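**Q** Let me give you the structure first, and then I'll get to my questions.
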Amino acid sequence: MLNAEQSVEITVLHRHGMSIRALVDITGCARNTIRKYLRSEGKPALKERAKRTEKLDPFKPYLIRRIESAKPDWIPATSLLEEIQNQGYEGGITRLRQFLVDYKPATAPAEPDNRFETDPGKQMQVDWVVFRRGKDRLSAFVATMGYSRASFVEYVTDEKIETLLACHEHAFEYFGGVPKQVLYDNMKTVVIERDGYGEGNHKLNPLFLDFAKHWGFVPKLCQPYRARTKGKVERFNRYLRRTFHVTLASRLKMSGIHLDKDTANVEVRRWLRETANVRIHATTKEQPDKLLKAEQPHLQAFPPSYTGVSVREQSLTKPVAHVITPLQRPLSFYDELVAAAA
């Protein structure tokens, strides 16, 4: 059987008068093969094999559209795999990753996190994740338990103190109790002045401090200029942004739908329940939801509902004293002036 290159060589040399015997010596092909080829008027004895169709091929146009819809962000391969599996893809993630490598933007190496392990029920780490700024602001309150790595997420449209307190209460309800300590960075609604009372003694927002006292947890600040010391929630923030938010927002964008707070909260609760808190955590090698069940007995019970009464009472019972100096003189003063004039 001849390939295309051999057939061309035989055709050209035979036209120049070369015999079949000589063609056998030059090409190494069998005499009958050469003779059969020449009798077929130059048609190749071998047909090129048809290009193999890959399992991923039908889904490549969709994947390219998803990549474009998410820019400048990136959708993880695991999320894209789930989407095309729902459309009938039967291949594996390795081939998908090979296809995506040509489209994935270069990223800087991640800064290493400082890892601190805490006892069950001791610490919760809190942070804001900002997705949109301006009039159409969209942020997420994120709380991660230090021991179990179980996480809670609530989308909001502002980061006011009232919103922050409400999100804390919702997180405590979600986890089934109150931790002994909550770790923050320099949230303006939490800290007024770092080291305000000396090194390590921070001046906190009085309303927030009263809220913490009511619920029974101690607010702690992470080290200055090293926000990543609260690495558990920081790592989850990246996971939330890539795996959930970018995936959802870009998918809605393809349909002309703008992601709002209510839609995000409905979807993120399902994602927490079905994905985030039941995955095998890379550090603990356990499901966060499973470890949370072991952590819950160490959490504090719920106090009565917080109303902020103690702060308001303080402002009423300790008014600022104002000393008023009278502008009038006593009447005797004027009598003395009249007598002297007379």
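The values are calculated or read from the model by the stated rules, or taken from the named source; none is laboratory data. None of these values were measured; they are calculated from a predicted model. Virtual Cβ from ideal backbone geometry, glycine too; neighbours counted across all protein chains shown.
**Q** Does at least one position in the range 124-134 carry a residue that is assigned by TED's automatic domain parsing to the domain that holds Lys253, modelled with pLDDT of 90 or more, surrounded by 13 or more Cβ atoms within 10 Å (Cβ to Cβ) and small (Gly, Ala, Ser)?
**A** There is no residue in the range 124-134 that is assigned by TED's automatic domain parsing to the domain that holds Lys253, modelled with pLDDT of 90 or more, surrounded by 13 or more Cβ atoms within 10 Å (Cβ to Cβ) and small (Gly, Ala, Ser).
**Q** Confirm whether Val246 is modelled with pLDDT of 95 or more, surrounded by 17 or more Cβ atoms within 10 Å (Cβ to Cβ) and not basic (Lys, Arg). Talk me through it step by step, then tell me what you get.
**A** Values: modelled with pLDDT of 95 or more: no; surrounded by 17 or more Cβ atoms within 10 Å (Cβ to Cβ): yes; not basic (Lys, Arg): yes.
No.
Results for (1) modelled with pLDDT of 90 or more; (2) under 20 Å from Gln123 (Cβ atoms), shown as yes or no for each residue.
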{"position": "Val268", "(1), (2)": "yes, no"}
{"position": "Pro288", "(1), (2)": "yes, yes"}
{"position": "Ala294", "(1), (2)": "yes, yes"}
{"position": "Leu299", "(1), (2)": "yes, yes"}
{"position": "Phe302", "(1), (2)": "yes, yes"}
{"position": "Thr307", "(1), (2)": "no, no"}
{"position": "Leu316", "(1), (2)": "no, no"}
{"position": "Ile324", "(1), (2)": "no, no"}
{"position": "Ala341", "(1), (2)": "no, no"}
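**Q** From the list Gly176, Gly121, which one is touching a helix residue (DSSP H, G or I) at 6+ places or on another chain (Cβ under 7 Å) and modelled with pLDDT under 95?
**A** Numbers: Gly176 fails: modelled with pLDDT under 95.
From the options Gly176, Gly121, the qualifying one is Gly121.
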